[in-house]
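One structure is given here, and the rest of the page talks about it.
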Amino acid sequence: MKPDRALLLHLAVIAALFAMQYVLPAYHQGNLARILVLATFATGYNILFGYTGLLSLGHALFFAAGMYGAGMTMRFLDWPALAAFPAGIVAATLLAGMIGALALRTTGVAFMIVTLMFAQAGYLTILYFNEFTRGDEGFVIVQATRNILGFDLSNDDVRFVAAWLIFSVGLLVALAVVRSRMGRVLVAIRENEERTRMLGFDPFPYKLSAVALSGAYAGAAGAAYALLFGSVGASFASIQYSIEPLLFVLLGGTGVVLGPLVGAIVIFYLIEYAREVTTAYLIVVGVALVLLILFARKGVLGSLRRRTDGWLP
């Protein structure tokens, strides 16, 4: 049997990431845990944007739904972390499904604007119910409650393994989805929706599934962020957290499963080091994106795939 190169590559990346905890200093290990959570968020976004061709500017709402779904059930209902985590995923998935059912009545730029409007409405709603959400100030999840099966999620080593596990599962699920029949239909919709319809496929349920699945990834990332780092706040629902996954995907490679991970690592450290030089660190990110558009429009891994035989999924 011919070895599955794509699967072996992704398993090797997962193994390499796990090994990083033994070689990285504590500071960079903490950074990598945060990057893995954000990369999970962007992996879901890549399914929607990179494979389906739907540009959303409202994913911060799903990230925040996962975060508040986990955080508020722990704070007001005294749910354990093991129950709060899936609660965040369910909240984000349901919200994504409802918003997707409405937003998908539009196409192109209109879809982008509608998702942005929903996200801003969600952000303002969080601010309005400040008594419960604590608005921009947010609230801290008590350290004693941040444990699953006896593992303290506030511990640096446990936090890293948890972030790695969530990202690894998300990466393998994404790989399976994009190589499945559904994934091929999503790519067909991205390339030519009308021709896909002529072939006998109804694009709407596939696009709605992509929105809901992408929302589930965002919810998992948001819930994980709340549990691993102990903070919940309205700032995570702002437009910044809708733009970040887009930047990760564009830089790493749209329509490449590993693209969001590469993009998240590069942009995270680009911002990290730019902050040490100037307060206008976003200018550095802007220059990097301009160079990307000029010399590598398909992103780092997208450009690499073009130079190979195209086997990288």
Can you tell me how region 181-313 classifies by the Cα gyration tensor, rounded, prolate or oblate, using a/c under 1.5 as the rounded cut?
oblate
Just checking my list (i) 9; (ii) 13; (iii) 50 against percent of Cα pairs over 39 Å apart computed from this structure; which label fits?
(i)
Apply the Karplus curve 6.51 cos²θ - 1.76 cosθ + 1.60, θ = phi - 60°, to the phi angles in region 21-26 and return the couplings in whole Hz, x for Gly and Pro.
5, 8, 10, 7, x, 4
Under 5 Å between amide hydrogens, which residues at least 5 positions from Ser231 or on another chain qualify, with H placed 1.01 Å from N in the peptide plane?
Ile141
Need one number: nm distance between label points at Ala26 and Gln240, each 7 Å from Cα along Cα→Cβ, rounded to one decimal.
2.6 nm
Residue-wise, which Karplus ³J(HN,Hα) couplings in Hz belong to region 163-175, taking 6.51 cos²θ - 1.76 cosθ + 1.60, θ = phi - 60°, and x for glycine or proline?
5, 4, 5, 5, 5, 4, 4, x, 5, 5, 5, 4, 4
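Within the chain, which is the longest segment containing none of the trypsin sites (Lys or Arg not before Pro) that sit in a DSSP loop and have at most 16 other Cβ atoms within 10 Å? Intermediate values should be presented prior to the final figure.
Details: sites that count: Arg105, Arg179, Arg297.
In the chain, the maximal stretch lacking such sites is 180-296.
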For region 5-238, with only Lys/Arg (+1) and Asp/Glu (-1) charged at the beta-carbon, what is the dipole magnitude about the Cα centre, in debye rounded to 20?
680 debye
What whole number of Å gives the distance from the Cα centroid of region 57-93 to the Cα centroid of region 99-167?
7 Å
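Using alpha-carbon pairs under 8 Å, 6+ residues apart, how would you state the relative contact order of region 44-147 in percent?
Averaging sequence separation for qualifying contacts and normalising by length gives 33 percent for region 44-147.
Over the chain, what is the mean sequence separation of C-alpha contacts under 8 Å (at least six apart), divided by residue count, expressed as relative contact order in percent?
Working: 518 pairs, mean separation 100.5, N = 313.
Relative contact order of the chain: 32 percent.
Every number in this text was worked out from the coordinates using simple rules, so none of it is lab data. Nothing here was measured: the structure is a model prediction, and the numbers come from that model. Note that we place each Cβ from the backbone using ideal geometry, even for glycine, and neighbour counts take in every protein chain shown.
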